[in-house]
Structure formats: structure tokens, C-alpha cells
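*Asks:* Mind looking over this structure? Questions follow.
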Amino acid sequence: MKAIAKERTRRYAAASELAADVRRHLADEPVSAGPPSTWYHARKFIIRHRFGAATATSIATLLLVLAVRMLIQTQRVSRERDRANREAAAARQVADFLTDLFRVSDPAEARGDTLTARQILDKGSVKIEQTLSGQPALQSRLQATIGGV
């Protein structure tokens, strides 16, 4: 459009400028008559440097894929860590509960009373319902254990 612009100042000053623009166009370089947009210049640059642009795009894509994979892996590890922490806390609670439950069989605690296993298990069942009411999974696990015993 520069060659046929109505205003004289917007047209090519000489035929050599038009010839230079034609040579630049054939060499896939930006021409002075072309739009000065960033996309236009970027497209011309990519056409001139196909191998380098393809390599840079490949590396950027690989880095992006690697970052996404690392993010997914981090989330998986976090979930697994949280699950392991919950299991460890449950195991500690079970151990503390059983230790406290069988502490009454200690002669110093029993004070000469004779206790049967049935009495200890009944006391444990009541204690499970009182102390572990907010933790149904742990409560059911311990009740199943006491029922099996």
C-alpha cells in the first residue's frame, strides 16, 4: 500500500526503496511497507530462523511439561505424607489406648482386686465410645479388635 498511498510523504521516495522492499520480502525479512506490528516481525523472524525457533519452542515445551509433572508429583507426595501422618497418629492413639486399658492389670493400680479379661474389655469398650467419639474410623477399628478378642 505504500507504493500507491495518496499522500506523497507516505510513498516510496525512489524506485530503489521499492526494489529493496521486494528483496526483503523475498528473503522473508520485514519490509518497510509492512505493518509494524510485533506479530509481523516475530513471524518474519521465525521464518528466517526456523531451526532456532523450533529448538527454543521444543525446550520451552519440555520445561513446561517438566514443571507440570513436578507439580503433580509434589501434590501426590503431599497427599501421601498427610495420609502417613494420619496413620501414625492413629497408631499412637491405639497404643496409648491399649496401654491405658491394660494399666489396671498392674498390681500397683489394681490394689488387690481381681480383674477378668471380660471386665477389662468391657471397660475398654465404654472408654472407646467416650474418648474416641469424634474419630469413627479409629473407633470402629478398636471395637472390631475388642470384638475379635
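The values are calculated or read from the model by the stated rules, or taken from the named source; none is laboratory data. Because the structure is a prediction, the values reported are computed rather than measured. Please note: Cβ atoms are built from the backbone with ideal geometry, for glycine as well, and neighbour counts cover all protein chains shown.
*Asks:* Confirm whether A42 is at pLDDT below 90 and within 30 Å of L142 (Cβ to Cβ).
*Replies:* no
*Asks:* Check off (1) loosely packed, with under 11 Cβ neighbours inside 10 Å; (2) over 37 Å from the mean Cα position of the chain (by Cα) for V31 and give me the number that stays unchecked.
*Replies:* Among (1) loosely packed, with under 11 Cβ neighbours inside 10 Å; (2) over 37 Å from the mean Cα position of the chain (by Cα), the lone unmet condition for V31 is (1).
*Asks:* Only one of R69, R103 is charged (D, E, K, R), touching a helix residue (DSSP H, G or I) at 6+ places or on another chain (Cβ under 7 Å) and assigned to a helix (DSSP H, G or I); which? Working first, answer last.
*Replies:* Numbers: R69 fails: touching a helix residue (DSSP H, G or I) at 6+ places or on another chain (Cβ under 7 Å).
Just one listed residue meets the conditions, R103.
*Asks:* Quick check on my filter: what residues within segment 65-111 are modelled with pLDDT under 95 and β-branched (V, I, T)?
*Replies:* V94, T99, V104
*Asks:* Write out, first by first residue and then by second, each pair whose Cβ atoms fall under 9 Å of each other, whose residues are 6+ apart or on separate chains, and whose first residue, in segment 127-149, is under 14 Å from F97 (Cα atoms) and without any contact (Cβ under 8 Å) to a residue 60 or more places away in the chain while the second is not in a helix (DSSP H, G or I) and not aliphatic (A, V, I, L, M).
*Replies:* Every condition considered, the pairs that remain are Q139/S133.
*Asks:* Right, next: List pairs: first residue in segment 69-98 and at positive phi and surrounded by 10 or more Cβ atoms within 10 Å (Cβ to Cβ), second residue at pLDDT below 95 and among the small types (G, A, S) anywhere in the structure, Cβ distance under 8 angstrom, at least six positions apart or on different chains.
*Replies:* none
*Asks:* Consider I120 carefully, then state whether it is part of a helix (DSSP H, G or I), out of contact with any Pro (no Cβ under 9 Å at 6 or more places or on another chain) and modelled with pLDDT of 80 or more.
*Replies:* Details: part of a helix (DSSP H, G or I): yes; out of contact with any Pro (no Cβ under 9 Å at 6 or more places or on another chain): yes; modelled with pLDDT of 80 or more: no.
No: the conditions fail for I120.
*Asks:* A further question follows. Hey, can you tell me all the residues within segment 123-143 that are in a helix (DSSP H, G or I), among the small types (G, A, S) and under 15 Å from Q93 (Cβ atoms)?
*Replies:* Passing the criteria: G124, A137, S140.
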